[in-house]
1. Taking into account only those residues within the range 336-351 that are surrounded by fewer than 24 Cβ atoms within 10 Å (Cβ to Cβ) and not hydroxyl-bearing (Ser, Thr, Tyr), which is nearest to Leu305 (Cα to Cα)?
2. Out of everything in the range 108-134 that is surrounded by fewer than 17 Cβ atoms within 10 Å (Cβ to Cβ) and among the basic types (Lys, Arg), what residue ends up being farthest from Ser270 (Cα to Cα)?
3. Working carefully through the options Lys458, Lys442, find the one that is closer than 30 Å to Ala666 by Cβ, modelled with pLDDT under 95 and either touching a Leu at 6+ places or on another chain (Cβ under 6 Å) or of a type in the set (Lys, Arg) (or both).
4. Kindly list the number of the only condition in (1) more than 27 Å from Ala210 (Cβ to Cβ); (2) modelled with pLDDT under 90; (3) of a type outside the set (Phe, Trp, Tyr) that fails for Arg142.
5. Output the qualifying pairs, or none if there are none: Cβ atoms under 6 angstrom, residues six or more apart or on different chains, first residue in the range 386-403 and under 13 Å from Leu330 (Cβ atoms), second residue among the acidic types (Asp, Glu).
6. Please go through the range 779-806 and give me each residue that is of a type in the set (S, T, N, Q), closer than 21 Å to Lys722 by Cα and modelled with pLDDT under 85, ordered by number.
7. Which of the following residues is modelled with pLDDT of 90 or more, under 28 Å from the mean Cα position of the chain (by Cα) and either surrounded by fewer than 21 Cβ atoms within 10 Å (Cβ to Cβ) or of a type in the set (Gly, Ala, Ser) (or both): Ile277, Ile231?
8. What number of residues within the range 627-647 satisfy the criterion of being in a loop (DSSP other than H, G, I, E, B) and surrounded by fewer than 19 Cβ atoms within 10 Å (Cβ to Cβ)?
Amino acid sequence: MASSSSSSSSLCSPLSPLRTPSRSERVILSDLRLGFRRIGFFRNSRTLIPIPSPQKNSRPDSIRAVQTDRKPSRPSNEGGGREDGDPIERFLKRDYSQWGFVSDIESVSIPKGLNDGTIRLISAKKGEPEWMLQFRLRAFRRFQSMREPQWSDNCYPPIDLQSICYYSEPKLKPKLGSLDEIDPKLLETFDRLGIPLNEQKRLTNVAVDAIIDSTSIATTHRAALAEKGVIFCSISEAIREYPDLVRRYLGEVVPPGDNYYAALNSAVFSDGSFCYIPKDTVCPMEISTYFRINDRETGQFERTLIIADERSYVSYLEGCTAPSYDKNQLHAAVVELYCHEGAEIKYSTVQNWYAGDEEGNGGIYNFVTKRGLCQGKGSKISWTQVETGSAITWKYPSVILRGDDSVGEFYSVALTKDFQQADTGTKMIHQGKNTRSRIVSKGISAGKSRNCYRGLVKVQPDAENSRNFSQCDSMLIGDTAGANTYPYIEQRGIDHEKAVAAMIGGFCRDVFDELPLEFASEVNALMNFKLEGSVGYLALSLLLLLLLLLPLLVDARAPGRMNAIDQCWRSDPKWAANRQRLAVCSVGFSGKMNQNRGRDLTTYLVTDPSDDPVNPRAGTLRYGATQFQGKVWITFSRDMQIKLVRPLVVKSFTTIDGRGADVHIAYGAGFLLYEVESVIIHGLQFHHIRSQPPGAVMEPEGELTHMAGVDGDAIRLVTTSKVWIDHNTLYACEDGLLDVTRGSTGITVSNNWFRDHDKVMLLGHDDDYIEDRQMSVTVAFNRFGPNCQQRMPRSATDLGSVPLAS
């Protein structure tokens, strides 16, 4: 399922260090800072990706959000200190002149205009084979049959494609084979931009492909990369030197007829970067392309193609600038990423095209198609972008999740000011099983700018067990800026009204999560009522619902509102710092779980959701539950879904504590507690547990055994004592949700939610099993339903004692 949340905050005046921001503003500022750092926004010596130059002797290695609770004074940078100030204020006040200069470079350009002759001339100048020319001509014919789309919120006059020069390159000196062939003014241009190309000055840890107008003029560190089998060069060179690779992958992810501007690019693209990472290879350095427009009449139409073969990894950085012309220029690029099994591509962009002046004159039209294909199982593509430039931005970096267990991520910060327009977002297309995607978008608008976000999450019929998280936050600075969000969820036939309801439910989730468990089903039912064709009606009803629940939310954690178990630990706001207190909060026949805390306790953090039942890896849940002797307290580093290949055989004196994370045990095997004692299972979600055939499995303390086939029980207790099962959610499993059998005793089942299932809870093995007659089980504060049919609970024999307090 997919969830989406959106929030916005509006400011009446620009942010400044003299103003304390609200909590929601601080969250967005913090995410902005993390976004800058994620893509390597600062370099130690020179700025690979352009940002405002720091003052002399300052250290450009951090960017700080405005802090809270007091009015901070302006920092002093005397004597060489740390550059400070919040990033938004620096963006609003920045001077583009350090990038907006024009280089006096002698160039060779083809005549303006777009026709068959233009396509053939570009192909001839690049020395391309016949198959590449035919690729271009087919794309051009497709382009001629298309019309420019009109659905964007961007407003701009018609673009005269016949007035654009589609190919311009610097004139080279006669000497070949080294940087000596390049006009010194070109080298000086990239030096000024912080991209040194000379051997003596170039960046040591980043390979750079420098592109100006229509041509790549230099690529650094090629020899070092070649030693590892990595190919990094201009795409023009790749077409000549590696035709089989290019022909196989070019247009595979973004077909020539995909959209209007992709078709135009496929016909006229001149240069761009090509990268191939071979199998089982981690690229030894980051690779980067720097795009520079210099000629006034030229558009830029680069093509980037990155292929990560099986179990490889590459991090790619992208930067761009242009002179401050008073005339608009067109930039229409295509980026294709192709990930094989187990491979990962991290693609990061700081988009810094010229945005026009304060009156809206000039600037780049940035119309880009970026898409990645996770073709192989376990592959991953991550888009991270910071959008600060261009007069108009129109792009949606997307991921097709075709391989099972593949992952797509999109992190974006879009900052606009003056008359800038940005219509951005992403698409996550789930095709394979167990695919996951994450979308986090931050939009900040100032002046008279407009910032729009569009998100599409599509889960196709065969994409079982797919998950998505979407979040879009907007900040308005001033009273003339605008921000819109257009999220769209399309999952297995979910209609428009239900999709909107899901998004609004996600928006309210942070509030509803604070409700006591006993109110969860009522709120869920209220959230799922018929919209009757009116989204406004839904919004109004939700507002009334929140107002009605407000007194409950305020008092939800008051002692009188919580049962004895929750009052023991939830009333402490610092419970996370004292997790072991949970062990003394149990009630009923399990008694206090003091054996699970105290001295000689091993704390273990689950960081890896994968599972190997025979050789569990460190960081996985199975490793923590089976490999340690003595007491173990297991927690989780983040939200995750774990598909157990074989049942998890939990050892004695183990606590599995899911508080603080959303942990799902799903679509595989469940938990088995066999002849153990003193176990706590808290705060997990068990669902879609399936039966398993016989097979080998690692038992407690590292013993390997052959296990017979098992039914699809979520949690099964066999000859087990002193177990506390608390605050779990269990539903939709193949067999029972909870079975307590074969003499298990001293059991407490509390605060759990059992729903959407037939056979819920079975106590006892059968009538002939004598040991079950001494069973002692406490069932307290649980919720059953909706859609529970039987066994709530059911006794299979004449039990000794089963107090019920649900």
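1. Glu336
2. Keep residues of the range 108-134 that are surrounded by fewer than 17 Cβ atoms within 10 Å (Cβ to Cβ), which gives 108-109, 111-113, 115-117, 120-121, 124-125, 127, 129-131, 133-134.
From the residues that got through so far, the ones that are among the basic types (Lys, Arg) too are 112, 120, 125.
Values: Lys112: 15, Arg120: 12, Lys125: 9 Å.
This residue is Lys112.
3. On the way: Lys442 fails: closer than 30 Å to Ala666 by Cβ.
Exactly one of Lys458, Lys442 is closer than 30 Å to Ala666 by Cβ, modelled with pLDDT under 95 and either touching a Leu at 6+ places or on another chain (Cβ under 6 Å) or of a type in the set (Lys, Arg) (or both), namely Lys458.
4. Just one mismatch for Arg142, condition (2).
5. Pairs found: Thr393/Glu387; Trp394/Asp423.
6. Our first condition is that a residue be of a type in the set (S, T, N, Q); within the range 779-806, this holds for 782, 787, 789-790, 795, 797, 801, 806.
Next cut, closer than 21 Å to Lys722 by Cα only: 782, 795, 797, 801, 806.
Listed by number, the residues that qualify are Ser795, Thr797, Ser801, Ser806.
7. On the way: Ile277 fails: either surrounded by fewer than 21 Cβ atoms within 10 Å (Cβ to Cβ) or of a type in the set (Gly, Ala, Ser) (or both).
Result of the check over Ile277, Ile231: Ile231.
8. Restricting attention to the range 627-647, the residues satisfying the condition of being in a loop (DSSP other than H, G, I, E, B) are 627-630, 637-639, 643, 645-647.
Now restrict to residues that are surrounded by fewer than 19 Cβ atoms within 10 Å (Cβ to Cβ): 627-630, 637-639, 645.
Qualifying residue count for the region: 8.
The values are calculated or read from the model by the stated rules, or taken from the named source; none is laboratory data. Computed from a predicted structure; not experimentally measured. Because the Cβ atoms are built from the backbone with ideal geometry, glycine has one as well, and the counts that use them run over all protein chains shown.
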